[in-house]
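Laboratory data are not the source of any read-out in this text; all were calculated from the coordinates shown. What you are looking at is a predicted structure, and each value in this text was computed from that prediction instead of being measured. Ideal geometry is used to build each Cβ from the backbone, glycine not excepted, and the neighbour counts take in all protein chains shown.
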Amino acid sequence: MLFLRRREGLLDAVVFSGGEPLAQAGLGDAMRRVRKMGFRVGLHTGGAYPSRLAEVLALVDWVGFDIKTQFWDYPLVTAVRGSGSRALASARILLASGVAHEFRTTVHPRQITPSTLLQLAETLAEEGVRNYALQEFRRRGCADVILNAVAAPSFLSETYCADIARWFRSFVVRRA
């Protein structure tokens, strides 16, 4: 907190991210302390803990929600049984809350195919997502040797992305 106290007046917000912040039991208390200092609060999550997300949403000004693939395919990416149903439950909780948010998918050709990504975008639009971003995979910072070994070019062409953009009020592609 001393670090933040020295930055009062310089920073507007604190974003809780990294790994999965909702896995931390003290997250709500930390958010309350940060808010008390006058900072706005952001959260990056993959939605693995729906009940914890519901508990902290009143403390959050904005959420960046990482969607990995179609909900039924989550175990192929996460290797965690039931992870897709938890992510879907969290997405629904966030959408119902009215908290400002962005849903986003990092696109790696080993983890999501063009057809699956189109299906995912349609599913998200049907669920009520209005703000969506696609992020091209970047090797920098990734410790997974297998993912880094794949040098496949991005399939996020302008035409392909235009097909996805039509489902969302706000849509952006973040290039690597």
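Ranking request for peptides 40-48, 52-60: highest mean number of other beta-carbon atoms within 10 Å first, then the rest in descending order.
In descending order of packing, they fall as 40-48, 52-60.
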message: Just want to confirm a number: the relative contact order over the chain, from Cα pairs under 8 angstrom separated by 6+ residues, in percent.
response: 17
field: Exposure proxy order (Cβ contacts within 10 Å, fewest to most) of Y49, Y160, Y132
entry: Y160, Y49, Y132
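What is the stretch 2-174 by shape, rounded, prolate or oblate, if you read a ≥ b ≥ c off the alpha carbon gyration tensor as root eigenvalues and call it rounded for a/c under 1.5, prolate for a/b larger than b/c, and oblate otherwise? Don't jump to the answer; show the numbers that get you there.
On the way: a/c = 1.69, a/b = 1.58, b/c = 1.07.
Taking the square roots of the gyration eigenvalues as a ≥ b ≥ c, the stretch 2-174 is prolate.
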- request: On a 0 to 90° scale, report how tilted helix 114-127 is relative to the longest principal axis of the chain, with both axes built from alpha carbons and the result rounded to the nearest 10.
  value: 50
- prompt: Could you state the number of Å between the C-alpha centres of the stretch 1-22 and the stretch 87-129?
  reply: 26
